[in-house]
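Data block below; observations after.
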Amino acid sequence: MKGAPNFEIRLADENDAERLAFIGAETFRSTFGHLYAPADIAAFLAESHSPEAYRRTLTTPDFRVWIAEADGGATVGYAVAGPCGLPVPDLTPNSGEVKRIYLDETARGTGLGARLMASALEYLRKRFDRIYLSVYSENFPAQRFYERFGFAKIGEYDFMVGEHADPEWMMELGEPETAQIARPCGWNPAWNAARKARILSPQAAETRTPCPTSARSK
Ligand SMILES: CC(C)(COP(=O)(O)OP(=O)(O)OC[C@H]1O[C@@H](n2cnc3c(N)ncnc32)[C@H](O)[C@@H]1OP(=O)(O)O)[C@@H](O)C(=O)NCCC(=O)NCCS
């Protein structure tokens with residue numbers, strides 16, 4: 001872990017929509033941008049990381065956003081929690097979700113992710129019976145980060161970035177003995193091989209049938 005910078009965490013409100021959209025879009029581009037065509041990135045950012053999208057989140061009942069700021073007020077990260085919107089099999093009505101934890105590159109490895117996760121889990125545990133999240137199937141540092149908090153994989157689904165489908169893990173907090181692998185969107189076992197080929201050769205043509213989903217957490 002790096003030296004411990006002085007980050008403050010507070011609950012965000014509607015006035016923070018623009019700065020959340022800015023850091024959300026920047027973090028998405030720097031972490032995942034190399035995986036997608038520009039048109040898919042543009043569509044996804046407009047839908048999920050626009051100021052309007054964050055304004056909706058900030059004004060929807062039962063959603064909370066925690067924002068982390070460095071000395072001087074620069075936004076360095078945030079976490080979002082709320083009711084679960086994932087295609088979890090047998091989802092019970094009172095289920096919550098860690099929707100997103102995003103840190104600016106300068107704030108990673110400082111313990112800030114753990115502090116944001118603690119804020120989100122404290123809220124979710126009080127309000128919901130079960131807690132889920134989703135993570136890109138090849139975001140290995142984030143998967144290990146979630147496993148350290150007690151999340152375990154329970155299934156997969158296709159996460160849409162524009163017209164592009166990505167395999168995404170669903171993870172549940174605790175009770176790993178109840179885990180079951182579910183592939184609700186017609187998972188294609190050949191997909192991983194096709195995806196690896198695309199990363200090595202981004203121009204390679206690939207045909208897939210995207211699976212629609214309402215979950216928008218990436
Ligand atoms: C995932 C994330 C929230 C974890 O927060 P964090 O405070 O960095 O957490 P940790 O310090 O425990 O580090 C998590 C992992 O990132 C690695 N890491 C540390 N510093 C890093 C840096 N500067 N850049 C990239 N990874 C780093 C850690 O080594 C660790 O991996 P390990 O399990 O192999 O040791 C944060 O890295 C992040 O925002 N990543 C980009 C966005 C993202 O992927 N969000 C999750 C989407 S589901």
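Where a number appears in this text, it was derived from the coordinates with a stated rule and is not lab data. Please read all numbers here as calculations on a predicted model, not as lab measurements. Positions of Cβ are generated from backbone atoms using ideal geometry, with glycine treated the same way; all protein chains shown enter the neighbour counts.
For the listed peptides 56-67, 75-86, a ranking on the average number of other beta carbons within 10 Å per residue, highest first, reads 75-86, 56-67. Using a/c under 1.5 as the rounded threshold, could you call the stretch 114-155 rounded, prolate or oblate? The axes a ≥ b ≥ c are square roots of the C-alpha gyration tensor eigenvalues, and prolate needs a/b larger than b/c, oblate otherwise. Judged from the Cα gyration tensor, the stretch 114-155 comes out oblate (a/c at least 1.5, b/c at or above a/b).
Please label the shape of the stretch 1-153 as rounded, prolate or oblate, based on the square roots a ≥ b ≥ c of the eigenvalues of the alpha-carbon gyration tensor (a/c under 1.5 means rounded; beyond that, a/b larger than b/c means prolate, else oblate). Could you put the intermediate results ahead of the total?
Values: a/c = 1.23, a/b = 1.12, b/c = 1.09.
Cα axes put the stretch 1-153 in the rounded bin.
Shape of the stretch 79-159 from the C-alpha gyration tensor: oblate (a/c of 1.5 or more and a/b not above b/c, with a ≥ b ≥ c the square roots of its eigenvalues).
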